[in-house]
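Visitor: One structure coming up, written as C-alpha cells, with questions to follow.
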Amino acid sequence: MAHAHAHFLSEPEYRAKLQAVYDRVLKALDGVDPDVCEADMAQGALTIRLANGARWVLSGQPPVRQLWLAVASRGRAFHFDYDPARDAWHDDKGEGLEVVSLLETLLKEDAGLKVSI
C-alpha cells in the first residue's frame, strides 16, 4: 500500500519529492500565455490560475506526508501518497490517479491546454 510507504520518507526526502513536482509543473507552464494559465509558488503551495477564474492549489501536508490538490472549480480535493516503487504520487482512494497525469488531464479539459508536465 502506497500510504504506508509515504511515512518512511524523511522530512528532507519528502520536501525534495514535493519540490520535484512543483518544479515540473512550473516548468511546463512557464511558456504558457499568463492570460490562459498562470502558476506561482507562495508559502510552500503552488497555485494554478486559469482564464475562466478557476484556481487550483497543490500543497504538501507534512504530518501525513501527502501532496494535496484542491480543485475548487470542480468541488474536489485529491490526496496523494508517494509511491517509491513507481516514483510517483498516487491518490489515496485507490482511484488510480497520479498527480502529474491528473493535472495534464485537468489542464486539457478546463483550459484547453495540452502540456507535458
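A short reminder: the numbers here are calculations on the coordinates, not readings from a lab. Given the structure is predicted, the values throughout are model-derived calculations rather than measurements. As a convention, Cβ positions derive from the backbone with ideal geometry for all residues, glycine included, and neighbour counts pool all protein chains shown.
Visitor: At a 10 angstrom cut-off on C-beta neighbours, averaged per residue, how do the peptides 49-61, 31-43 rank from highest to lowest?
Guide: Averaged packing, sorted descending, gives the order 49-61, 31-43.
Visitor: In the chain, what is the count of Lys pairs whose alpha carbons are under 22 Å apart, counting only pairs at least 8 residues apart or on separate chains?
Guide: 4
Visitor: To the nearest 20 debye, what charge dipole does region 56-117 have about its Cα centre, counting +1 at the Cβ of each Lys and Arg and -1 at the Cβ of each Asp and Glu?
Guide: It comes to approximately 180 debye.
Visitor: Once both axes come from the Cα atoms, what is the angle between helix 11-29 and the longest principal axis of the chain, in degrees from 0 to 90, rounded to 10?
Guide: On a 0 to 90 degree scale, this one is about 20.
Visitor: Taking the alpha-carbon set of region 49-117, what are its Rg and Dmax in Å?
Guide: 12.3, 37
Visitor: Then there's this: What is the local net charge at residue 102, summed over the other residues whose Cβ is closer than 10 Å to its Cβ (Lys, Arg +1; Asp, Glu -1)?
Guide: Taking every other residue near residue 102 into account, the sum is -4.
Visitor: Local charge sum around residue 113 (other residues, Cβ-Cβ under 13 Å, Lys/Arg +1, Asp/Glu -1)?
Guide: -4
Visitor: For region 1-85, just the Cα atoms, rotate onto the principal axes and tell me the three extents in Å, largest first.
Guide: Dimensions of region 1-85 along the principal axes of its Cα atoms: 41, 26, 24 Å.
Visitor: Helix-only estimate, please: 222 nm mean residue ellipticity of the chain, summing -39500 (n - 2.57) across DSSP H runs of length 4 or more and dividing by its residues, to the nearest 500.
Guide: -10000 deg cm²/dmol
Visitor: Tell me which residues come under 5 Å, amide H to amide H, from residue 115 once H is placed; ignore anything under 5 positions away on its chain.
Guide: none
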